[in-house]
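I have placed the structure first, in the form of structure tokens, so that the comments after it can refer back to it.
The values are calculated or read from the model by the stated rules, or taken from the named source; none is laboratory data. Values in this document were obtained by computation on a predicted structure and should not be read as measured data. Neighbour counts are summed over all protein chains in view; Cβ atoms, including those assigned to glycine, are modelled from backbone coordinates with ideal geometry. Heads up: the accessible areas ignore ligands, DNA and RNA and are worked out on the full protein's heavy atoms, side chains in. Shrake-Rupley method; radii C 1.70, N 1.55, O 1.52, S 1.80 Å.
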Amino acid sequence: MHDIDAQRTSDTSTQRRDGLNDRHHDIGVLGVGGFVPDRVRTNEEVAARAGVSARWIAERTGVRRRHVAEPGQAASDLARVAVGRALSSAGLGPDDLDLLVLATSTPDELGPSTACRVQAQLNASRAVAFDVSAACSGWLFGTRVAVGWLRAEGPGSIAAVVGVEAYSHFLNDSDRATASLFGDGAGATILGPVAPGSGFGRIELGSDGRHAGDVLIPAGGSRHPATAETVSGGQHSIHMDGRAVREFILEVFPKLAHEALERSGLAASEIDAVVAHQPNPLLLQQACSQAGLETDRLVIIGDDVGNIGAASVPYALAAAEADGRLSPGDRILIVGFGAGLTWGSTVLTWGVDGQEPQR
């Protein structure tokens, strides 16, 4: 894993923070950062273990490769780098964080929160740190919490919202439905006051626990604690009903997109970029098309990193910013959906001033 220097000069940080105090109290994105482990698992490697061909994976998912954490490399290790890069992008440092919200389905431990692990690694001693658990919608759920928190705290407060997954530690390599899709990675955003007209519109969220069994890790919690039987039965890996998940996505994506546009008073043609959770690129493109959105405005990262769950949306924002696809004033439709079932959407007016995040 790449090392980062999470510290910054106090002069730069103070200037940045003081400048924020003078801005209108809208909340938006000040900086972005993404990180994936160095080790890559190709379609050929996955196919050999899952009993399919590399062509089968590519033609059905659009995923070309996924990144894999090293043994002993936990979710917090990935998240730390992403948050550090996002802070650097924003011209801030760990001491500037008042809040750190971490979204994941693959925490370091059942307790304490992985956010507290990241707080300690960064030495962000001022930050209130906690996790949210909303699967692949987690970053959006965490963002709504952070936006409300920042508005209550008043101008000058700063939050980090990071999505991270270390799925490779929870995969059955012989299960083609999951092994071909899931990868490891982290994406982070720094949130704070932005100029008038920028920032997040209304963030709408939803859930339907009746379908909680469609995607889950069956054992390891309080219902089915770890035993020799749960381990030998493969109950500590991801189980997914692929057909049910596909039907859910194709139903919910157009609905979420339409509702977000309606809330914002925008037409589809006025959206500059679409950033969504990425179960796989081909399914996402189909859902985008069915929603009446131009697929060339869709930010695709899943071909290179696979499904990285709660990290998908913030990682895609970081990738789009690094590639020069986002300019101040751009309207970004954000759609999240995942296990639980959970979902959410918003329109973000981009206000980042062009500082390029590391990738």
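Gain on full extension, evaluated as 0.36 nm per residue between residue 223 and residue 208 minus their Cα-Cα distance, stands at 3.4 nm.
Taking the accessible area of the chain, probe 1.4 Å, and keeping the other protein chains in place, the carbon and sulfur fraction comes to 46%. Inter-part distance, region 76-123 to region 253-302, computed on C-alpha centroids, equals 29 Å. So what is the calculated 222 nm ellipticity per residue for the chain, using -39500 (n - 2.57) for each DSSP H run with n of 4 or more, over all residues, to the nearest 500 deg cm²/dmol? Counting only the DSSP helices, I get -10500 deg cm²/dmol.
For every other residue with a beta carbon closer than 14 angstrom to the beta carbon of residue 165, add +1 if it is Lys or Arg and -1 if Asp or Glu, then tell me the sum. Surrounding charge for residue 165 is -3. Give, rounded to the nearest 20 debye, the magnitude of the charge dipole that region 236-335 has about its Cα centre when Lys and Arg contribute +1 at Cβ and Asp and Glu contribute -1 at Cβ. Roughly 200 debye for region 236-335.
Between 0 and 90 degrees, the angle of helix 75-90 with respect to the longest Cα principal axis of the chain falls at about 30 degrees. Given R0 = 22 Å, the distance between the Cβ atoms of residue 49 and residue 232 translates into a calculated FRET efficiency of 0.70. Sorting the Cα pairs of region 241-359 by distance into bins of 10 Å, from 0 upward, gives 13, 49, 32, 6, 0 percent per bin. Between the helical axis of 242-264 and the dominant principal axis of the chain, each derived from Cα atoms, what acute angle in degrees is found, rounded to the nearest 10? Tilt of helix 242-264: around 20 degrees.
Taking each pair of different alpha-carbon atoms in region 80-122 once, compute 1/r for the pair, average those values, and report the inverse of that mean as the Kirkwood hydrodynamic radius in Å to one decimal.
11.1
Solvent-accessible surface of region 195-348, averaged per residue with a 1.4 angstrom probe and all protein chains in place: 42 square angstrom. Stretched out straight at 0.36 nm per residue, the stretch from residue 60 to residue 289 would grow longer than its current Cα-Cα span by 80.7 nm.
Our compactness index for the chain, the C-alpha radius of gyration over the empirical 2.2 N^0.38 Å, is 0.93.
A P(r) calculated from all alpha carbon pairs of region 29-149, with 10 Å bins opening at zero, reads 12, 36, 30, 16, 6, 0 percent.
Shown here is the pair-distance distribution of region 166-267: with all Cα-Cα distances grouped in 5 Å bins from zero up to the longest one, the shares run 2, 9, 13, 14, 16, 14, 11, 9, 6, 3, 1, 0 percent. Three principal axis extents of region 181-225 based on alpha-carbon atoms, in descending order, are 49, 26, 24 Å.
Over every Cα atom in region 228-301, the radius of gyration and the widest Cα-Cα span, Dmax, amount to 16.5, 55 Å. The label point for residue 42 and the one for residue 153, both projected 7 Å from the Cα toward the Cβ, are 4.6 nm apart.
Between the helical axis of 138-153 and the longest alpha-carbon principal axis of the chain there is an angle of about 20 degrees. Here region 280-330 has an Rg and Dmax of 11.4, 29 Å, counting Cα atoms alone. Exposure check, 1.4 Å probe, all protein chains in place: residue 67 carries approximately 10 Å² of accessible surface.
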